[in-house]
Every structure is written in structure tokens, then in C-alpha cells.
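The structure under discussion appears below in the form of C-alpha cells.
Throughout, read-outs are computed from the coordinates displayed, never taken from laboratory work. All of these numbers come straight from a predicted model, not from anything done at the bench. Cβ placement follows ideal geometry from the backbone for every residue including glycine, while neighbour counts extend to all protein chains displayed.
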Amino acid sequence: MTVVEPTVADTTTGPVHTRALVIGTGFSGLGMGIELQRRGVDFLILEKADDVGGTWRDNSYPGCACDIPAHLYSFSFEPKPDWTYMWSLQPEILDYLRGVTEKYGLRRYIHFGARVERAHWDDAEYRWHVFTEDGREYVAQFLISGAGALHIPSIPDFEGLADFEGEAFHSAQWDHGVDLTGKKVAVIGTGASAIQLVPEIVDKVGELQLYQRTPAWVLPRSNNPIPGWMRDAFGSVPGTRAALRTGIYWFQEALGFAMTKRPELLVLGEKAGKWNIRHQVRDRELRRRLTPSYQVGCKRVLFSNNYFRAIAKPHSELVTDRISRITPRGIVTADGKERDVDVIVFATGFHVTDSYTYVGIKGPGGEDLVDRWNREGVQAHRGIAVADMPNLFFLLGPNTGLGHNSVVFMIESQIRYVGQAIGAVDKAGAQALAPTRSAQDSFNAELQDDLQGAVWSTGGCSSWYLDEHGKNRTLWSGMTWQYWLSTRSLKRSEYRFSGVASARPSQRAAAR
Ligand code: N01
């Protein structure tokens with residue numbers, strides 16, 4: 001493997017130049033760094049926080065875990081035979097990512113505390129100029145965002161919130177300094193984060209109020225530690241770990257098949273979800289209020305063996321009346337009732353469909369990407385590159401999230417593809433490439449067509465998968481192996497190259 005020395009970053013004397021600039025140090029950013037290192041491309045990674053890990057660093061709420069089995073939710077090239085749990089807990093995933101960082105010596109390529117604010121493309125230089133919040137400037141030929149879409153906490157703008165006198169924080173910004181023992185705790189939201197944290201805190205708090213706007217389908221699942229002998233076998237018996245990974249992969253794909261092609265099969269999930277409620281909750285009225293009226297899979301399917309049991313405890317209350325305002329001491333619901341609260345936990349999710357508005361990107365001729373996406377909807381070619389935006393790539397970009405399988409699989413397809421794009425620019429003796437409009441349009445037309453029958457659109461729910469026009473701009477439309485096939489090798493015909501050595505003078509004249 002070629003080891004590239006990182007750009008020496010003397011940020012006091014002007015812009016820092018590098019060939020490829022990566023944003024973020026989650027699975028995407030770290031994976032991209034490894035790919036660039038392998039290809040011998042000079043690169044730097046900008047990270048807003050002071051440690052690696054992305055979502056697995058930020059989300060440290062009690063019970064935080066991954067709902068995709070760890071043997072699949074990890075890099076294929078960096079297996080870990082001794083995962084402690086089948087569905088890994090957050091600290092172990094964060095440790096894994098830190099371990100990968102050390103093993104590949106990535107820390108020296110990372111600038112911590114560097115939150116990217118804006119970027120613009122210089123037509124004459126064929127370079128991106130990228131600015132961080134503290135005013136530092138980076139100049140790079142390639143700009144690759146590994147920021148993902150689940151990193152900007154969304155806190156509803158409830159009337160009176162600013163005057164609340166207790167503690168209040170978001171699940172992704174858990175305040176470990178706040179002791180919940182014996183307190184009146186309100187959890188707002190019943191998505192993936194809430195269903196993991198509620199069972200963890202319920203026996204500690206004095207009173208739990210769970211504010212539910214829409215019930216979630218929660219299927220049964222127990223997550224016991226993997227026995228030592230099995231972990232030993234994964235490490236020592238050839239083929240066992242790979243066989244497990246393959247088995248998990250195809251099980252998850254079967255779920256994806258039902259979600260995208262045969263939503264009627266999801267009735268099995270509904271049966272399991274209803275059984276899970278019946279099994280844990282005696283009160284018929286509470287069961288009714290916990291049972292969703294939309295199809296399983298329409299929102300993210302959740303798994304827990306103790307969520308409903310936690311809500312059924314005598315000191316828990318499920319509140320389904322809408323929140324109308326927050327007072328200095330509590331929460332008032334639409335029925336006019338005020339409940340005293342010491343701590344509010346916002347498990348209210350993230351800015352997803354508008355996450356792209358948080359970094360200002362201006363392409364050739366100063367075209368604003370946010371304006372374009374606001375106008376046309378968020379879309380990219382193969383979910384990665386954007387028409388007429390040279391050398392700009394998104395990892396887990398538009399329509400490449402998943403509702404059924406490991407996003408790490410998608411990320412690996414994407415980092416390979418971006419590596420190929422960089423290789424194609426070099427091979428063509430060019431400075432830049434961007435997908436053609438027609439390639440991007442036909443890719444997205446087919447994708448949106450495929451999505452029409454998927455449960456996310458037909459299942460009768462609203463979710464952050466859909467934008468304000470009801471269009472799914474978030475999830476991939478089919479099987480993940482289809483995405484792998486679609487990105488396996490970059491088709492040069494789908495791209496326009498610019499800054500080709502022989503053509504450059506006239507192109508520059510045109511650019512002026
Ligand atoms: O957020 P969510 P999350 N008043 O958006 C409610 C990933 N993840 O943090 O359904 C009252 O799912 C909202 O109600 P409704 C995973 O991709 C993965 O839980 O919109 N309630 C909903 O109940 C996941 O999908 C893992 O009606 C309000 C909740 O808040 C994503 O992160 C673990 C409200 C938000 O649910 C986000 O999950 C955890 C309001 N004004 C998270 N606004 C893994 O295991 C919102 N809500 C991999």
C-alpha cells in the first residue's frame with residue numbers, strides 16, 4: 001500500500017492545499033481516507049468535533065446500539081471476530097472506529113475542531129476553496145462529504161421552551177452530568193433513539209412521561225452477549241465469520257425485498273409487532289394506543305424486548321395528546337393538562353431532508369447547490385456525484401440511505417466509486433469531472449419510478465424519508481447488491497471531463 005504523507009498544515013500562513021478534502025470521520029470519512037491512502041492520493045479530513053466516530057461518537061445516550069448485526073455493520077476489509085453482542089452497543093462501535101483510525105494511521109490526516117461552513121469552486125483553478133467556521137481556508141481538487149444526514153439534532157420549536165427551568169437536552173447530545181435518579185423525566189418522541197433509551201432509564205427515574213405523536217412498530221428481539229466459544233470460533237475457524245456475515249446480509253436483503261417489491265409480505269412483521277405489545281402490556285387501552293395504524297416498514301422498523309414493558313410500568317405514562325407549550329416547570333398538552341417535569345429528553349430525531357442546507361456549496365459560475373436542490377429536489381448521480389458540480393462527491397448522499405440493511409455496505413460501494421472517479425480524472429489527463437445532466441436525470445427517473453411501490457410511500461405514514469413534496473429523497477430503491485452493481489465501475493460516458501491538458505487554454509478562456 002502506498003502511504004501518502006499528509007499535507008503539512010500550517011494554518012497560520014494561508015490556505016492549506018491538498019488534493020482531496022474529506023468531511024467527517026464516521027464510517028464514511030474514515031473509509032474514504034483508507035481508500036485515498038490505498039490509491040496514493042494526498043488528502044486531509046476535516047472533523048467538526050475533537051474525536052473520530054461520527055454518529056457513534058455523538059450518540060451516547062443510555063442503551064444506544066445498532067439495529068443491524070455488528071458482523072455486517074462493520075468494514076468488510078476490517079472484520080472483528082469478537083464483537084461482544086450480535087447488535088453492538090455504541091461504545092464498542094466507537095472503539096472499533098477508533099481502532100480502525102489507529103491501525104491505518106488516519107489521525108495525522110485529520111484536522112479536529114474544523115466545522116465546514118462553505119465551499120466554492122474556482123472555475124479557473126479547477127479547485128474547491130473550503131472554509132471552516134473559524135475562518136481557515138482549504139484548497140482541494142476533490143471535495144468529498146462524509147457528513148451524512150443524521151448529525152444535526154432537531155429540537156421542535158415549542159412555545160416556552162427557552163423559559164424551561166429544568167434540564168433539557170437532545171438524545172444525540174446526552175448530558176451525562178444530569179442525574180436522572182428519582183426525577184420526573186419527559187421523553188419526547190418514539191423513534192429508534194427513544195425506544196432504546198426508555199427501557200434503560202425507566203428504573204432510575206421517579207416518573208417517566210413518554211410523549212408519543214405516532215406509535216412505532218417495534219418487533220421482538222433479545223440481544224444477549226455472544227458466547228465466548230462462538231467468538232473464539234469466529235476468530236479461529238476459517239469461514240465461520242464470513243458465513244455468518246453472508247447469512248445476515250441475505251436475511252436483511254429479504255426484508256428489503258418485502259419493503260420495496262412485496263409490501264404485503266410485511267404483514268408478518270405486523271403480527272410480530274402486535275404480539276410484542278400483547279406480550280408486554282396487559283392494559284387493553286394502552287395496547288390500543290401503542291398499536292400503529294400504518295404498515296410495518298413505512299417508518300424505520302424498530303426492535304426491542306423491553307420497550308413496551310417499560311411503558312407499562314406504574315410510574316410510566318404514555319401521553320398521546322399533542323404538546324401545546326412548555327412552561328418553566330412542565331409540559332402542557334392540547335387537553336390543557338400541565339405535567340410537572342424536571343428533565344426533558346428530546347428524542348425528536350434529526351434534520352434529514354434539509355441537512356444539505358447546513359453547508360453552503362457554490363459550484364461553477366457561483367451556482368448555489370442549496371438553491372438548486374430547493375428548486376429541483378435533492379438528487380445526485382448514483383447518489384454520489386452532482387451534475388455540473390465538478391469533483392464533488394457525497395457519501396450516503398441522496399437516496400442511498402437504507403431502511404433494511406447495513407449502510408456500511410453502501411459506503412464501501414461509494415468510496416470505491418469515488419476512488420475510481422479520481423483515477424478517471426488522472427487517466428484522462430483532466431482536472432475535473434462531473435456527471436452529465438442526462439445521466440443524472442435518467443438514474444433518478446428510474447430510481448423514483450422504482451420507489452413508487454415501496455412501503456415508504458404506500459404504507460400510510462409520514463416520515464423523514466420523504467421531503468415536503470412527499471418524494472423519497474433519502475432511501476435507496478432496491479436491493480443493496482443492485483446498488484453495488486450500479487456503482488461497481490464508473491462509466492466514463494456518464495461524465496463530462498474538464499481541464500484536459502490539451503484543451504485547457506480554450507476552456508479557461510471559456511470559463512472567463
Ligand atoms: O429520530 P426519529 P431517532 N412533537 O426521527 C417525534 C437512526 N438511528 O433519533 O413519528 C412530538 O426516528 C417523532 O414523531 P413522528 C435511524 O436511522 C439508528 O429516533 O414524526 N414528537 C418520532 O417519534 C433512525 O431512523 C439507530 O410523529 C415529535 C421521534 O420524535 C434515525 O437515527 C438508533 C416532534 C423522532 O424519531 C433517527 O432516529 C437510533 C414534535 N414536534 C437512531 N418532532 C440504530 O440502531 C418529532 N417527534 C442504527
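For segment 317-327, in order, what is each residue's ³J(HN,Hα) by Karplus, 6.51 cos²θ - 1.76 cosθ + 1.60 with θ = phi - 60°, in whole Hz (x at glycine and Pro)?
Values per residue, Gly and Pro as x: 9, 8, 10, 10, 6, 4, 6, 9, 6, 10, 10 Hz.
What are the lysines whose alpha-carbon lies under 18 Å from the alpha-carbon of K274, with same-chain residues fewer than 8 places away excluded?
Candidates past the 8-residue exclusion: K299.
Restricting the count to DSSP beta bridges whose residues both fall in the chain, what percent are antiparallel, rounded to a multiple of 5?
Rounded to the nearest five, the antiparallel share is 40 percent.
Measure out, as a whole number of angstrom, how far apart the alpha-carbon centroids of segment 326-404 and segment 11-53 sit.
First find each Cα centre; the distance between them is then 23 Å.
Sort 255-262, 465-472 by packing, meaning the average of other beta carbons within 10 Å per residue, with the highest value first.
Descending packing order for the listed peptides: 255-262, 465-472.
Roughly how compact is segment 161-346, stated as its Cα Rg over 2.2 N^0.38 Å to two decimals?
Cα Rg divided by the expected 2.2 N^0.38 Å: 1.22.
So which of K427/K491; K204/K337; K80/K103; K471/K491; K362/K471; K204/K313 end up more than 21 Å apart, counting from Cα to Cα?
K204/K337; K471/K491; K362/K471
Report the full-extension gain for the segment A242 to S222: residue separation times 0.36 nm, less the Cα-Cα distance, to one decimal in nm.
Numbers: separation 20, 0.36 × 20 = 7.20 nm, distance 2.27 nm.
My answer for the length gained is 4.9 nm.
Mind checking the angle between helix 192-201 and the chain's longest principal axis? C-alpha axes, 0 to 90 degrees, to the nearest 10.
50 degrees
Note the direction-averaged projected area, equal to a quarter of the hull surface, for the Cα convex hull of segment 341-407, in nm².
Working: hull surface 27.7 nm².
Its average projected convex-hull area is 6.9 nm².
From the phi of every residue in segment 290-303, what ³J(HN,Hα) in whole Hz does the Karplus formula 6.51 cos²θ - 1.76 cosθ + 1.60 yield, where θ is phi - 60° and glycine or proline is x?
In residue order, the calculated couplings are 8, 8, x, 10, 10, 6, 4, x, 5, 9, 4, 6, 10, 9 Hz.
Starting from the exponent 0.38 and prefactor 2.2 Å, build the expected Rg for the chain from its residue count and divide its actual Cα Rg by it.
Ratio of Cα Rg to 2.2 N^0.38 Å: 1.01.
In what order do H111, H315, H176 fall by count of nearby beta-carbon atoms within 10 Å, going from fewest to most?
In increasing order of surrounding Cβ atoms, one gets H176, H315, H111.
Which whole-number percent is the relative contact order of the chain (Cα, under 8 Å, 6+ apart)?
Here the relative contact order equals 19 percent.
Give me the angle, in degrees from 0 to 90, between the Cα long axis of helix 407-427 and the longest principal axis of the Cα atoms of the chain, rounded to the nearest 10.
Helix 407-427 sits roughly 10 degrees off the main axis of the chain.
Tell me the mean residue ellipticity at 222 nm calculated for the chain from its helices only (DSSP H runs of n ≥ 4, each -39500 (n - 2.57), averaged over every residue, nearest 500). Walk me through the intermediate numbers first.
Details: 15 runs with 161 residues, N = 512.
My calculation for the chain gives -9500 deg cm²/dmol from helical runs alone.
Just to confirm the number: angle between the C-alpha axis of helix 437-451 and the first principal axis of the chain, 0 to 90 degrees, nearest 10?
Between the helix axis and the principal axis of the chain, the angle is about 20 degrees.
Using the basic label-point model (7 angstrom from Cα toward the beta carbon), what is the R287 to D450 distance in nanometres?
So the label points at R287 and D450 sit 4.0 nm apart.
Amide H to amide H, which residues 5 or more places from A49 or on other chains are under 5 Å from it, using H placed in the peptide plane?
Those lying under 5 Å, H to H, from A49 are G113, A114.
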